[in-house]
Structures are given as C-alpha cells and as structure tokens.
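The values are calculated or read from the model by the stated rules, or taken from the named source; none is laboratory data. For clarity, every value in this text was computed on a predicted model and none was experimentally measured. Every residue, glycine among them, receives a Cβ derived from its backbone with ideal geometry; neighbour counts consider all protein chains shown. Note: areas computed on protein heavy atoms with side chains; ligands, DNA, RNA excluded. Shrake-Rupley method; radii C 1.70, N 1.55, O 1.52, S 1.80 Å.
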Amino acid sequence: YGDTYPTYNGAIGMTYEQGGSGRAGLGVEVASGDTLTLKDRIAHHLTTGLSTVEVASQNAGTLNEEFRNFFKGDKDFKYKSYILNGEPDKQRALAELLDKHEINYGWTGESTVRGLSFGSGTAASLKTNSGSMVISTNQKKGTMVKVLFEPNAVLSDSLTYDITAWSLPYAYGLDALASEGLIKPNTAQAAPWSAVSPGIENGAYAHVGDWNSMKDARFLSDLVQNGIRVRRSEQAFQLGGKTWGAGSLIITRSDNLRKPDFQQVLQAAVEKHQKPLTPVRTGLVDSGKDFGSRYVGMIPEPRVAVLSGEPTSTLRFGEVWHYFEQQLNYPLTVLDAEYFDGVALDQYDILVLPDGWGYRSFLNERRKDQLKDWVADGGRLIAMGRALSYLGGEDGFSIERMEMEPEDLEAETPPSFAETSRERIRGEITGAIFKTRVDPTHPMAFGYGDTYYTLKLGSDTYTLPDRGTVAALGESPLPVAGFAGSKAVTNLANSLVFAMENYGRGEVVYMADNPLFRGFWENGKLFFANAIFMAE
C-alpha cells in the first residue's frame, strides 16, 4: 500500500486522497452542496505535494537520523528465521522478489529444525538439506521480512476494506517453517538452480521436461508460438530411472520433422528460460503410458480472448491482461462488451470472463445461448468470480450458487445501529487464506500436489459439480491466515474453488477464487496455465 510499504522500509508512510475518484469527471457536487472540480482536485494535490517536500526539507536532519535508526540494532521478533523447502523454480521466483527488495537469504545443510509449520499451524519439525532456503530477520530489512513471512498477521481491527493475509510461503507454494531460533544462512553456497546447464542432445528421440511452475509455462508458451510441437503426459511415467509427473512436456524429433530449424529454436528456448530437458532414446517407457499412447496428447496453440468493458472489473480485467502480456508472454485479444454481439466467437478457442459486477444484465438469455453454442462446438469458457453467479440457471450451465443459511432471528438480540457494521462482517471474508484439497490427476491440477492454499476474497460459494472438481474446501474450513467472519465460514463447507465442466465438445472452467489476484499469488498461476494448455 502507499502508506504501509514505506513505513516498513524506514520512511514515513502517508496517503493523500481527494474525493471524487474516477466517477467525478470534471466536477462533482459534494454533501455540503458545493462543487469540487477537477481543477480544484489537481490544485489540492499540488499543494499537499509541495507542502510535504517543504516540511521534509526543513526537517531533513531528523528524517535522515530516524531513517538510520530504523535499520539499527536487533529487533525483538518472535520468529528469527524462516526455512522453506520446495520446487527450485518456486524458490527461484521468490528469490527474484527478495533480490528486488535487497533482502538477504541463503541455504542450509542437512538438519532438522523445529518451529511453527505453515502447513499445520502447529509446532513441527522440518528436515532441511542443501536446497532449503532460509531467510533471517537478523538483517537490515528484518522488519520487511517479518511483514512478508509472518504466518498469520495480527489484526488490530477486523473492520478492513482489503486483504488480511499475504504470507509469501503460501503465495509461492513452498513448505515452510517459522523458527524462534536464529539459523544463519550460508550465503556463499550457490543456489540449487545455478548448477543447471540446460541444453539439448542432437539426435535424441525426444526431450522431456517437468511441469510445475510459471517458468515451465513461459517455456511452453515460447515453444508453441515458434512452431514447436509439444506433447504432454496425462499420467505419471518412469523412463531412464526417473519418474515424471502428469503434465510433463514431451518434445519428439518426429513431431517436428517439417520444421528445419527445430534444433536451433528448441536450444534457444532452453537457454532463454534456463529450462533443463532430459534427452531420451525411446518413447517406450519403463512404466506408465508410452509416448505413442492416447494419454500423451498434443498441446494446441489456442487463440485466446478476454472480455472487457462494463460487466467486468477494470482491476480483474487488468490482472488477466497482465498475466498474458507480461507474465506468460502469450497473445491475447481484448473483446469489449460494447461490440461483443458482433464478434465471431468461432475465431477463438478460449474466452475469459474476468470477475465483475455487471454480469446480471450482460449474461442475458440470448448471450448465454450464444456462449453455450460456442462451447458445445469446442470452445473453452473460463469464468471467474461473480461471472459464475450468472452462468447457471435453467437456461445456463450447471454451476449452482450455495445460499447462506438463514439466521435464527429469535436466537439473538438484533444488533444496535452502532453495531451494524461489525455484525455485517460476520458474513464476510476479507482476503483470507484457506487450505484446499486438490485432485492432482485432473489436467487443470497438473504440477500440483493434493493441497493448495487459496486466497479467498469474498463469501460467495458454489456447489461442487458431480464431475470435474479440481480444488475444493473441506468439511470444516477455517482460514490458516487472515480474517473470515464466523457466519461466512460455516457456509464454506465443501464449496468450489476450481472446476471444469465438459459441455458438448468444449469445456467451461469455473474459478470461484482468483488465482491471479494482483499478480502476486504466484502459486495460483499454474492453474490458469493449465486451463489454457492442459485442460483437454
């Protein structure tokens, strides 16, 4: 945020806002009956900005002294070290974020560390090895480490308008433990991924790569856009003494015989993404399904479009756009709602409906029929957030919203007017983290285990489909971090997180929770990549 971020980095955090937001236009009538113009708002911001610079210049000595003091001495943090195990690609993504913040980290040796487990929320042990990452609060950026890695931030007040949980081990999908003891990292030890020397072997029957991170998704995106034909295994298999998980990428020479520069393009992609591939001499596996099996299908190069405009939230649309354009590096066509009726949907293989408030009027019976026909003909619809609420019904798809159980009005005294806001939050969830169960055999879950931590941004819930559930909450869900109202939690039992419904020759992907929220929930992004490339 504009004020807390500098505060945790030794600065003075302040937020200057002027009434009107984006709705005020050139002028807005305020409650007193006066008019606040755009010119006034600009002048007010100019005055506050210059005043801040003026006061800061008059107190430069004090500001510099307090800034230095912020980074001096040992602070009494409860947790002195955070230890993280997991996929090297996920550790590397986290390391890139830490590098940008000038936060020191390193690696441990083989040992057993006790502390608070992020997975269970209780005291536990964690076995470490040379690939275990450790981040200590005993450094200049120790306060920022505490803020970013704290298992469950303490709220001084649950009345908040934004998310209340953001702990990075959950966001990056890493197995973590918070230790009250100081574990000094070995900063001289090389990172696990630094020893990798990716390359390809000329004449190999095929090259095989794993699938478990956004780095893998970017590698695949690069290949398909450059005309390289890639297969993926629907089931785990063993070959050459190694086990490959479902979703593993298989690039055979025979699939690319018509591409004369196949070797050069593949080598360039491998070097660009630092993606290690294993050459194999045969497509006959030691166990599992052979490369010629129907369980090893070709990955398409889908044509993707996203809806924009009035039905969608500009923020949620922006997350989808940023994911494709800046993270996955895959082409995306924007279809605005104003001309959506004139679009030939058969030009696209996938259509994304971002979360938004305007789907009640947009998804009328005619447009639902249009989408149903397109999906039945082989299209894939990815619906997110509130779009799910209006896709169901007698004239829609099978998605059903779960209604919150009515309260027993005689059981308690109605709240007073002053208590109304606090009573309301009992039915709300303000960005809390929940542990979900995952079906790792489903193509949308390739690269994941049987659990996933989801960031739940609201209390809307949906029933589980008869088939196609990818991730769901359990019988008695409670947040592992963040605030969730007591009434909202009772309605989450066995509710949907992600699912895919087969419809005709196509599919509808339901994302009740947002795996792309603000671009920082790193561990959710592969679900979206699976929905694009793997979910057949």
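For this structure, a couple of remarks:
- Here the Kirkwood formula, the inverse mean of 1/r across different C-alpha pairs, assigns the stretch 485-524 a hydrodynamic radius of 12.5 Å.
- Pairwise label distance in nanometres, Ser293 with Ala337, each label 7 Å out on the Cα-Cβ vector: 4.6 nm
- Global geometry of the stretch 216-261, whether rounded, prolate or oblate, following the gyration tensor of its Cα atoms and the 1.5 cut on a/c: oblate
- Efficiency of FRET from Cβ geometry, Ala31 and Asp346, R₀ 56 Å, rounded to 0.05: 0.60
- The chymotrypsin sites (Phe, Trp or Tyr not before Pro) of the stretch 277-375 meeting both criteria, a DSSP state outside H, G, I, E and B (loop) and at most 13 other C-beta atoms within 10 angstrom of the site's C-beta, are Trp357.
- Cβ-placed point charges (K, R +1; D, E -1), dipole of the chain about Cα centre in debye, nearest 20: 1920 debye
- Just so you know, the Rg over Rh for the stretch 201-315 is 1.05, from Cα atoms, with Rh as the Kirkwood radius.
- Within the chain, helix-based [θ] at 222 nm, where runs of 4 or more DSSP H residues each add -39,500 (n - 2.57), nearest 500: -7000 deg cm²/dmol
- Within the accessible area of the chain (1.4 Å probe), percent carbon and sulfur: 50 percent
- For the stretch 43-121, the list of trypsin sites (Lys or Arg not before Pro) that fall in a loop by DSSP and count at most 16 other C-beta atoms within 10 angstrom reads Lys72, Lys75, Lys78.
- Whether the stretch 11-84 is rounded, prolate or oblate, judged on the alpha carbon gyration tensor where a/c under 1.5 counts as rounded: oblate
- Per residue accessible area of the stretch 267-400, 1.4 Å probe, in Å²: 47 Å²
- With both labels modelled 7 Å from their Cα along Cα-to-Cβ, the Asn64 to Met402 distance reads 5.9 nm.
- Ordering Arg258, Arg401, Arg467 by accessible surface, largest first, gives Arg258, Arg467, Arg401; the 1.4 Å probe counts only protein heavy atoms, with every chain in place.
- A compact globular protein would have a Cα radius of gyration near 2.2 N^0.38 Å; the ratio found for the chain is 1.07.
- Note on Thr461: accessible area is roughly 0 Å² with a 1.4 Å probe, heavy atoms of protein only.
- Pairs of Cα atoms nearer than 8 Å and 6+ residues apart set the relative contact order; for the chain it is 12 percent.
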